[in-house]
Ligand SMILES: C[S@@+](CC[C@H](N)C(=O)[O-])C[C@H]1O[C@@H](n2cnc3c(N)ncnc32)[C@H](O)[C@@H]1O
């Protein structure tokens, strides 16, 4: 009797055991792509730009929010015996990707971007010499420059990053189908048309949450004037899915199941946006989309 009780207990415990902690970074990496060298002159230009004009690589973002996010990612990555996979939507020239690779040796980064920006006419490259500006219109140049930046900024991480060329969320799917992503960082797709942007952010959030409901979903542009529906879209999505939403400043936001549990947050200031999803009283996603169609931003979130 006693033996069978022990056996029963043992089998119950094994039923409760979580699935093996599979490291599927290798599968995800197979879906990424490195550019071949466009030509010798492009290679020279890439290094010259990197060495002499590093300021064009920086996209203005708040370091306060980024430091909080770094610490949250590090807290999760150090608990794992596998890679902690971060997907960055909107890589630009790779500075954030390189930053996360340096945060912890378990972190792997897959970056999704069309890599068609900046162009020779973009304001970002307006200050560099004319002979270098033209390279930005060469096919594959921006992706190749991004690869160079990541290699220079994070030389020890060659096996922990990969790039997917194209527009998210469609382009992200090939990687999402083959392995689990632990964290998403949304920093691309500031479409001028507010209805289109709202649909884009809605589709992105649904795709990433359906892929991994435990994922940390974060991003930039909390108060960007070009994306006025972002805040309400994030709040209503968090409430719908039972997630918490915080922001560290006017730019960086973080969302996930019990996101406030992170010990790393104890040494950073943050603001609750959705602490108890059940108490959310604001507009639904469809109401937010409808408000954009009548050209009104009159739906406000209650204090
Ligand atoms: C603000 S920059 C990203 C900056 C970068 N995260 C960093 O911290 O250095 C925006 C980038 O988003 C990209 N982008 C725009 N729409 C996108 C989409 N739908 N999917 C992926 N990337 C997109 C642009 O090509 C551009 O490189």
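Going by average Cβ density within 10 Å per residue, which order do the peptides 272-278, 35-41 take, highest to lowest?
Details: 272-278: 14.6, 35-41: 11.9.
The packing order, highest mean first, is 272-278, 35-41.
Give the percent of DSSP beta bridges with both residues in the chain that are antiparallel, rounded to the nearest 5. Show your work: numbers first, answer last.
Numbers: 10 of 29 bridges.
So the antiparallel bridges amount to about 35 percent of the total.
With N set to the residue count of the chain, report its C-alpha Rg divided by 2.2 N^0.38 Å to two decimal places. Don't jump to the answer; show the numbers that get you there.
Numbers: Rg = 21.3 Å, N = 303, 2.2 N^0.38 = 19.3 Å.
Compactness ratio reported: 1.10.
Shape verdict for segment 230-277, please, from the Cα gyration tensor: rounded (a/c under 1.5), prolate (a/b greater than b/c) or oblate. Please list the in-between numbers first.
Working: a/c = 2.62, a/b = 1.35, b/c = 1.93.
Oblate shape, in that a/c is at least 1.5 and b/c is the bigger or equal ratio.
For a quick check: sort 147, 156 by the number of other beta carbons within 10 angstrom, fewest at the front.
Lowest count first: 156, 147.
Plugging the Kirkwood radius over Cα pairs into Stokes-Einstein for segment 21-188, at a temperature of 4 °C and a viscosity of 1.567 mPa s, what D comes out in µm²/s? Write down the numbers at each step before the final one.
Values: Rh = 16.3 Å.
Estimated diffusion coefficient is 79 µm²/s.
Which whole-number percent of Cα pairs in segment 192-303 have a distance greater than 17 Å? Spell out each step's value before the answer.
Details: 3260 of 6216 pairs.
It works out to 52 percent of all Cα pairs.
Each reported figure results from applying straightforward, stated rules to the coordinates on display, with no laboratory input. Keep in mind that what you see is a predicted model, and the values were worked out from it rather than measured. Using ideal geometry, Cβ is built from the backbone for each residue, glycine included, and neighbour counts are taken over all protein chains shown.
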